Amino acid sequence: QSEVSWIPNKHYSGIYGLMKLVLTKTLPSNLERVIVLDTDITFATDIAELWAVFHKFKGQQVLGLVENQSDWYLGNLWKNHRPWPALGRGYNTGVILLLLDKLRKMKWEQMWRLTAERELMSMLSTSLADQDIFNAVIKQNPFLVYQLPCFWNVQLSDHTRSEQCYRDVSDLKVIHWNSPKKLRVKNKHVEFFRNLYLTFLEYDGNLLRRELFGCPSEADVNSENLQKQLSELDEDDLCYEFRRERFTVHRTHLYFLHYEYEPASDNTDVTLVAQLSMDRLQMLEAICKHWEGPISLALYLSDAEAQQFLRYAQGSEVLMSRHNVGYHIVYKEGQFYPVNLLRNVAMKHISTPYMFLSDIDFLPMYGLYEYLRKSIIQLDLANTKKALIVPAFETLRYRLSFPKSKAELLSMLDMGTLFTFRYHVWTKGHAPTNFAKWRTATTPYRVEWEADFEPYVVVRKDCPEYDRRFVGFGWNKVAHIMELDAQEYEFTVLPNAYMIHMPHAPSFDITKFRSNKQYRICLKTLKEEFQQDMSRHYGFAALKYLTAENNS
């Protein structure tokens, strides 16, 4: 940046547009040629066709550029319009072919610097960033440029004359949205261009991965290992699909939206971790209102859903006002909901020393973020292996007046507007929390692990990952809590913390679990295998998990 930060620039791209000038220096010295693209272009053809144009360069031609398609450099757009010098209409730098090795030999760096310094004495600043400087250099050295046919950079700027460049929209190869208005620009074919762009966005990226288009990827070590692991599975095994899932490599887009967060300097900061799919999107705003601290979310979406999510987030004042929420998209692949993979992705990308492992259907009590940070100090989480339990409750009412205090929550419990979580269907999951004791507790208290315990906990970020063999519904949290117990974590219930599960329609996976006998059989098999793995790993101490299971 320091190489170009001295150049005053009025263009909306700021300093970044100017960075194209320093590519000869920035890119590896053994790189001979490169295609440079702006991020606001859409390719409507194979980029290899553009690469082939390098063969047409002759003599001292080192820059491949398309002519500018507006009258900007002719200086007749408005009264007193004074552009930088250019050859005729000038050239647009949204698509550039650069012969780096030749440019270096020509001392490109000195060339553009001297030109920029000279022109800035009278122009004072650039209006179109790097493009002004490229054009001023070309004006003096026309032999440097190879003019690309205009279809390699059809410009949709405000004053464009680009339709003179093509007879039929199918002639186009690259569309350049070079107006600050981007997709909202006016152009007689803009609907066609916009649809082409949106088709790309919502296109199923897995189709590209499956090499349907004859672009074989080089075999890498990871894919070889994957093939080896898959070949060891028995395809006749009725649970083959379940076993296969843990080896699936999902495309992942980390930090899908802007994220910026500096953890508190007192080392008590804690991130709320959760995962979700499209049908739980409506929970996000409510969680943000209840929890002001950082959040790490893994979202399981298709390419088209990712675009719907983007539009939803951009339309939400609540979500747009928060920069401490990391959204990590894991793209859909396979028939299961890879719940534990999602949790691991969200856990891995936190910037705080502690995390609160929650679920998307829960609203934390107001003030929980600050309360947890105080509890982290009080219970010396930095130096002890503890899992702090946030007691979980549920309501069956869609419109709940959320309790502002523990006292209010207790009276709602007594009135039957709230219940302890899963009280009606799966008491064992949270029974060890000991809600009777919690009612009157004023200090944290320790509880022992019991079979099927699955509380929501606050732990250090170095806690074990979730086991990927559990997908969809069933045992995904139970196995993790069991592992924490095997690693001798101490379970401590917080006396003034609570979270409330909000009602929603049953997920697709729980419906599958209830209706599909094979699903239940495979879950039982995976459970047994997990327990055997625990015994092998933790030895004698892990025997209690087998006996507890047999008794339950």
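The values are calculated or read from the model by the stated rules, or taken from the named source; none is laboratory data. These numbers come from a predicted model, not from an experiment. Positions of Cβ are backbone-derived with ideal geometry, glycine not excepted, and every protein chain shown enters the neighbour counts. Accessible surface areas use protein heavy atoms only, side chains included; no ligands, DNA or RNA. Shrake-Rupley method; radii C 1.70, N 1.55, O 1.52, S 1.80 Å.
Once you have a ≥ b ≥ c as the square roots of the Cα gyration tensor eigenvalues for the range 252-545, tell me rounded if a/c is under 1.5, and otherwise prolate or oblate according to whether a/b is larger than b/c.
Since a/c stays below 1.5, the shape of the range 252-545 is classed as rounded.
Across W449, W72, the residue with the most accessible area heads the list, and the full order at a 1.4 Å probe is W72, W449. Averaging the Cα positions of each part gives two centres, and for the range 161-208 and the range 412-491 these lie 52 Å apart.
Using a probe of 1.4 angstrom and keeping all protein chains present, the accessible surface of the range 252-545 works out to 43 square angstrom per residue.
Just to be sure I understand: of the beta bridges DSSP finds with both ends in the range 14-202, what percent are antiparallel, rounded to 5?
Bridges in the range 14-202 that DSSP calls antiparallel: roughly 65 percent.
Value of Rg to Rh for the range 44-140, rounded to two decimals, is 1.00; Kirkwood radius and Rg both from alpha-carbon coordinates.
Only helical DSSP H runs with n ≥ 4 go in: add -39500 (n - 2.57) per run for the chain, normalise by residue count and round the 222 nm mean residue ellipticity to 500 deg cm²/dmol.
Numbers: 21 runs with 192 residues, N = 552.
So the helix-based figure for the chain works out to -10000 deg cm²/dmol.
Given the chain, what percent of its DSSP beta bridges are antiparallel, to the nearest 5? Here the antiparallel bridges make up roughly 50 percent for the chain. Solvent exposure of the range 133-209 amounts to 53 Å² per residue of accessible area, where only protein heavy atoms count and the probe is 1.4 Å. Relative to the longest principal axis of the Cα atoms of the chain, the long axis of helix 221-231 lies at roughly 40 degrees.
Using a cut-off of under 16 Å, list every residue of the range 440-475 whose amide N is near the label point 7 Å from the Cα of L543 along the Cα-to-beta-carbon line. So the set is empty, nothing qualifies.
Once all protein chains are placed together, E241 keeps about 90 Å² accessible to a 1.4 angstrom probe.
With all protein chains present and a 1.4 Å probe, how do Y519, Y16 order by accessible area, largest first? Walk me through the numbers before you get to the answer.
On the way: Y519 5, Y16 155 Å².
Output order, biggest surface exposure first: Y16, Y519.
Ratio of the chain's C-alpha Rg to 2.2 N^0.38 Å, to two decimals? Write down the numbers at each step before the final one.
Values: Rg = 29.9 Å, N = 552, 2.2 N^0.38 = 24.2 Å.
This ratio for the chain stands at 1.23.
Let's test the formula: R0 of 25 Å, r as the Cβ-Cβ distance of K348 and Q282. What FRET efficiency results, to the nearest 0.05?
Details: r = 26 Å, r/R0 = 1.04.
It comes out at approximately 0.45.
Once you keep just the Cα pairs under 8 angstrom separated by 6 or more residues, what percentage relative contact order results for the range 379-463? Normalised by residue count, the contact order of the range 379-463 is 42 percent. Of all the Cα-Cα pairs you can form in the range 333-470, what percent are over 25 Å apart? Everything past 25 Å amounts to 33 percent.
Taking a Cβ cut-off of under 11 Å around V330, the surrounding Lys, Arg, Asp and Glu residues balance to a net charge of +2, with basic ones at +1 and acidic ones at -1. Exposure check, 1.4 Å probe, all protein chains in place: M365 carries approximately 20 Å² of accessible surface. For K477, a cut-off of 25 angstrom between C-alpha atoms picks up these lysines, skipping any fewer than 8 places away in its own chain: K332, K348, K385, K386, K428, K437, K461, K512, K517, K524, K527, K544. Could you check how many percent of all C-alpha pairs in the range 370-440 are farther apart than 17 Å? More than 17 Å apart: 54 percent of the Cα pairs in the range 370-440.
On a full-extension model of 0.36 nm per residue, what is the gain between L201 and T443, subtracting their alpha-carbon distance, rounded to one decimal in nm?
On the way: separation 242, 0.36 × 242 = 87.12 nm, distance 5.25 nm.
Extra length available between L201 and T443 comes to 81.9 nm.
Using the structure shown, select from K56/K173; K58/K102; K139/K188; K374/K406 the pairs with a Cα to Cα distance greater than 23 angstrom. Don't skip to the end; give the middle numbers.
On the way: K56/K173 18 Å; K58/K102 12 Å; K139/K188 32 Å; K374/K406 17 Å.
Check vs 23 Å cut-off fails for K139/K188.
With a/c under 1.5 counting as rounded, go ahead and sort the range 14-202 into rounded, prolate or oblate using the C-alpha gyration tensor (a ≥ b ≥ c being the square roots of the eigenvalues; past the cut-off, prolate if a/b is larger than b/c, else oblate).
Working: a/c = 1.79, a/b = 1.22, b/c = 1.47.
Oblate is the answer for the range 14-202, as a/c is 1.5 or above yet b/c matches or exceeds a/b.
Ranked from largest to smallest solvent-accessible area, with a 1.4 Å probe on the protein heavy atoms, Y73, Y366, Y259, Y398 come out as Y398, Y366, Y259, Y73.
Between D46 and E235, what FRET efficiency follows from the Cβ-Cβ distance if R0 is 56 Å, with the result rounded to 0.05?
Working: r = 36 Å, r/R0 = 0.65.
According to the calculation, E is roughly 0.95.
On full extension, the segment bounded by R118 and L37 gains 26.4 nm, given 0.36 nm per residue less the C-alpha separation. Available extension along the chain between D533 and E488 is 14.5 nm, counting 0.36 nm per residue and deducting the alpha carbon span. Among the GluC sites (Glu not before Pro) found in the range 312-415, not one is both in a DSSP coil and sparsely packed, with 10 or fewer other Cβ atoms within 10 Å of its Cβ. K56 contributes an accessible area of around 110 Å² to the protein surface, as traced by a 1.4 Å probe with all chains present.
With K and R counted +1 and D and E -1, the other residues having a Cβ less than 10 Å from that of L526 yield a net charge of +2.
With an 8 Å cut-off on Cα pairs and a minimum separation of 6 or more residues, tell me the relative contact order of the range 44-196 in percent.
Details: 196 pairs, mean separation 43.3, N = 153.
In percent, rounded to a whole number, it is 28.
Averaging the sequence gap over all C-alpha pairs within less than 8 Å and six or more residues apart, then dividing by the number of residues, gives the range 252-545 a relative contact order of 22 percent.
Could you tell me whether the range 440-487 comes out rounded, prolate or oblate from its Cα gyration tensor? Rule is a ≥ b ≥ c as square roots of the eigenvalues, rounded for a/c under 1.5, then prolate if a/b exceeds b/c, otherwise oblate. Verdict is prolate for the range 440-487.
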